Structure formats: C-alpha cells, structure tokens
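First the structure, in the form of structure tokens, and then the observations on it.
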Amino acid sequence: LHLVDQNWKAPELCAALLVQHLGDRGSEKDCRILDVGAGTGLVGKALSEDFGCKNIDALDISTDMLEQAKAKDVYKKIIIGNAGDMAIVTMPASALGR
C-alpha cells in the first residue's frame, strides 16, 4: 500500500507552498532548489511536473531512498548526507545505480 495511492497530497502541498513563497523568483523556473530530506522524491516530482521547476537537487541520508528519488528523473544532483553535517558527498544523479 503506497500513500500516493491513498490520495496523499502532502508532497504537492509542500511544492505549492514553496512556489508560493518564491513568488516572482520561482516564476523563472531556473532558481536552484535543494530538496532536503528528499526521501523518495515526491516533492521534487511535484515541483517539476506541477510547477515546471528544472534545477532541483536532492539531499537525503538514505541511499535507498535516493535510488527511488533518482528514478523520478527530476533531480540535477543527488547529495548523500545529513543536512546537519558539513561533510556531504555531491554527485550527478547519473552516478547512482545498481
């Protein structure tokens, strides 16, 4: 059972709130967005598909979650690490794979 299948709208609501907060800066669609705690990439997907955002990077501590986020094909970079840590690893989304 997947939350999206249950009409879960939190990712879309988060994306809409961010775009609303960005105002005119977000209307250009070229602003850089860091999806902190990206998980499976549902917020990034909503930002890309619903609002046309093109420069989204994903940050998460779990490589398993980032594998799922990468599959959504909306992130420019995948960053493995903890948002509270200074030492994080940045790589292109194409670098992950099994």
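Things worth noting here:
- The residues of segment 1-13 that are open to solvent by 90 Å² or more (accessible area, probe 1.4 Å), at pLDDT below 85 and either in contact with a helix residue (DSSP H, G or I) (Cβ under 9 Å, 6 or more places away or on another chain) or among the acidic types (Asp, Glu) (or both), listed by number, are LEU3, ASP5, TRP8.
- Single residue of segment 51-62 satisfying the filter (out of contact with any helix residue (DSSP H, G or I) (no Cβ under 6 Å at 6 or more places or on another chain) and of a type outside the set (A, V, I, L, M, F, W, C)) that is surrounded by the fewest Cβ atoms within 10 Å (Cβ to Cβ): GLY52
- Counted residues, segment 14-28 - those being exposed (fewer than 15 other Cβ atoms within 10 Å of the Cβ) and modelled with pLDDT under 90: 7
- Residue list for segment 74-90, restricted to those being among the polar types (S, T, N, Q) and either open to solvent by less than 70 Å² (accessible area, probe 1.4 Å) or on the phi > 0 side of the Ramachandran plot (or both): ASN82
- Inter-residue pairs, beta-carbon under 8 Å, first on the phi > 0 side of the Ramachandran plot and in segment 57-73, second assigned to a helix (DSSP H, G or I) and of a type in the set (A, V, I, L, M), 6+ apart: ASP73/ALA93
- Note on segment 63-98: residues that are out of contact with any helix residue (DSSP H, G or I) (no Cβ under 8 Å at 6 or more places or on another chain), modelled with pLDDT of 95 or more and closer than 15 Å to VAL36 by Cβ total 2.
- Qualifying residue in segment 35-43 (condition: open to solvent by 40 Å² or more (accessible area, probe 1.4 Å), modelled with pLDDT of 85 or more and polar (S, T, N, Q)): no
The values are calculated or read from the model by the stated rules, or taken from the named source; none is laboratory data. The model shown is predicted, which means the values in this text are computed figures rather than measured ones. Neighbour counts are summed over all protein chains in view; Cβ atoms, including those assigned to glycine, are modelled from backbone coordinates with ideal geometry. What goes into the accessible areas is simple: the full protein's heavy atoms, side chains included, and nothing from ligands, DNA or RNA. Shrake-Rupley method; radii C 1.70, N 1.55, O 1.52, S 1.80 Å.
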